[in-house]
Amino acid sequence: SAAAGDINNSELADGDRIMPVYLEFENSVVTDQTVPLKFTIKNNTQNVYTYGLLFTLFQYDGAKWVEVEMKEEMAFIMIAYNLNPGEVIEGGLDLSFYYNELPKGFYRYEKKMMSEHGDVLAFGEFNVE
């Protein structure tokens, strides 16, 4: 999923999955937080997007998305990677590395993707059970 243009817009529908930059988790339900979540990101545009390792995790509290704090101050190496038009990449999210035990709930992983044509948020959602 990705929000086009306004990177604060988290309400865009992705039912048709034709998003500028689409992120999808292999599994949308987490039962073991020590097993990394695998995901793919696909660039559905003709633009090159640049991204880094930095991401943000939110939990839905029933009314809004609230940022989840990492277990300690993390530093991310600021290397820029390119996501070319039509390219699909694979990644992983190790929840146990970045966070203490997460409570059950609905979560959203967001990664900012930058382009000279405008920035987008690639995001994927999952449940912790």
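Mind checking which strands (runs of 3 or more DSSP E) fall wholly inside the stretch 16-61 and carry at least 2 residues that are charged (D, E, K, R) and open to solvent by 20 Å² or more (accessible area, probe 1.4 Å)?
37-43
Within the stretch 80-103, take every residue that is of a type in the set (A, V, I, L, M, F, W, C) and part of a strand (DSSP E or B) and give me the one that is nearest to Glu125 (Cα to Cα). Full working, then the answer.
Here is the first cut: in the stretch 80-103, the residues of a type in the set (A, V, I, L, M, F, W, C) are 80, 83, 88-89, 93, 95, 97, 102.
Filter once more, keeping what is part of a strand (DSSP E or B): 83, 88-89, 93.
Details: Leu83: 21, Val88: 18, Ile89: 18, Leu93: 12 Å.
Per the criteria, the residue is Leu93.
Looking for something free of Cβ contacts under 8 Å to residues at least 12 places away in the same chain and loosely packed, with under 12 Cβ neighbours inside 10 Å - is there at least one such residue anywhere in the stretch 113-129? Lay out the reasoning, then the answer.
Going through the stretch 113-129, the residues free of Cβ contacts under 8 Å to residues at least 12 places away in the same chain turn out to be none.
No - not one qualifying residue is present in the stretch 113-129.
Looking at the structure I just gave you, is Glu67 under 18 Å from Lys112 (Cα atoms), modelled with pLDDT of 95 or more and exposed (fewer than 15 other Cβ atoms within 10 Å of the Cβ)? Give the derivation first.
Working: under 18 Å from Lys112 (Cα atoms): yes; modelled with pLDDT of 95 or more: yes; exposed (fewer than 15 other Cβ atoms within 10 Å of the Cβ): yes.
For Glu67, the condition - under 18 Å from Lys112 (Cα atoms), modelled with pLDDT of 95 or more and exposed (fewer than 15 other Cβ atoms within 10 Å of the Cβ) - is met.
With the condition kept exactly as written, say whether any residue in the stretch 68-79 is in a strand (DSSP E or B) and in contact (Cβ under 8 Å) with a residue 24 or more places away in the chain. Please lay out each step first, then the result.
Just the residues of the stretch 68-79 that are in a strand (DSSP E or B), to begin with: none.
No, the conditions are met nowhere in the stretch 68-79.
The values are calculated or read from the model by the stated rules, or taken from the named source; none is laboratory data. None of the values given here were measured: they were computed from a predicted structure. Reconstructed Cβ throughout: ideal geometry from the backbone, glycine too, with neighbour counts over all protein chains shown. The area values use the complete protein model at the heavy-atom level, side chains included, leaving out ligands, DNA and RNA. Shrake-Rupley method; radii C 1.70, N 1.55, O 1.52, S 1.80 Å.
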